[in-house]
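Engineer: One structure follows; several queries about it will come next.
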Amino acid sequence: MSRPRPEPMQIVKQRRDAALDALVARVPYIQFLGIEFDRRGDELTATLNYADKLIGNPMLPALHGGATAAFLEVTAIIELSWNSLWAEIESGAVDVERPEVEWLPRLPKTIDFTVDYLRSGLPRDAYARARVNRSGRRYASVHVEAWQDNRHKLFAQATGHFLMPSSRDG
């Protein structure tokens, strides 16, 4: 018995990128804030591209706390959704040619989200990665860390709890 021939890597990458792009496009606030996601395998890194509109205190200047919190929360939600979609993407069950409403998961709903502001966010690009601590059928817990110039010198971190969607409809 012979094994089926694997798909060309370029096709797999295109399917992964198209799925991530469709997932991110569902949240208009992501575009407003200027957040982008970089995918390396199943790992996502979010980038908050610097813009003057993100400054909260022009005297310092420092990133607005609300923009920082939104950046961390969006990163957590996209990571959770990406994790739930990953197995289907890899199995080929996701056909990115079909309308997104048929295959994209509903987004998790925030139960609570606690942000620790460790230092002022400087007027430059910021990066974040989320780690899913627990993800069940109904509930998920996520930790997010944000940094700017040095990955080991965080300027903010957050922990969030989310209600997971019960089905793919609606």
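Engineer: What do you get for Rg/Rh over the range 119-170 if you use C-alpha atoms and the Kirkwood form of Rh?
Structural biologist: Reported Rg/Rh, Kirkwood definition of Rh: 1.14.
Engineer: What percent do you get for the relative contact order of the range 110-149 when only Cα pairs under 8 Å and 6+ apart count?
Structural biologist: Relative CO of the range 110-149 lands at 37 percent.
Engineer: With 5 Å bins from zero, work out the P(r) of the range 9-163 over every alpha carbon pair and list the percent per bin.
Structural biologist: That works out to 2, 9, 19, 21, 19, 14, 9, 5, 2, 1, 0, in percent per bin.
Engineer: Given contacts defined as C-alpha pairs under 8 Å and at least six residues apart, what's the relative contact order of the chain, whole-number percent?
Structural biologist: That works out to 22 percent.
Engineer: Only sites in a loop by DSSP and with at most 12 other Cβ atoms within 10 Å count here; which GluC sites (Glu not before Pro) in the range 27-119 make the cut?
Structural biologist: Here the GluC sites (Glu not before Pro) that fit, given the DSSP loop and packing criteria, are Glu97.
Engineer: Quick one: putting +1 on the C-beta of Lys and Arg, -1 on the C-beta of Asp and Glu, what dipole do you get for the range 9-163 around its Cα centre, in Debye to the nearest 20?
Structural biologist: 340
Engineer: Nearest 500 deg cm²/dmol is fine: what mean residue ellipticity at 222 nm does the chain get from its DSSP H runs of n ≥ 4 alone, each adding -39,500 (n - 2.57), divided by its residue count?
Structural biologist: -10000 deg cm²/dmol
Values quoted throughout were computed directly from the atomic coordinates according to the rules given, and no laboratory measurement underlies them. Since the structure is predicted, the reported quantities are computational estimates derived from the model, not experimental observations. Cβ atoms come from the backbone with ideal geometry, glycine included; neighbour counts cover every protein chain shown.
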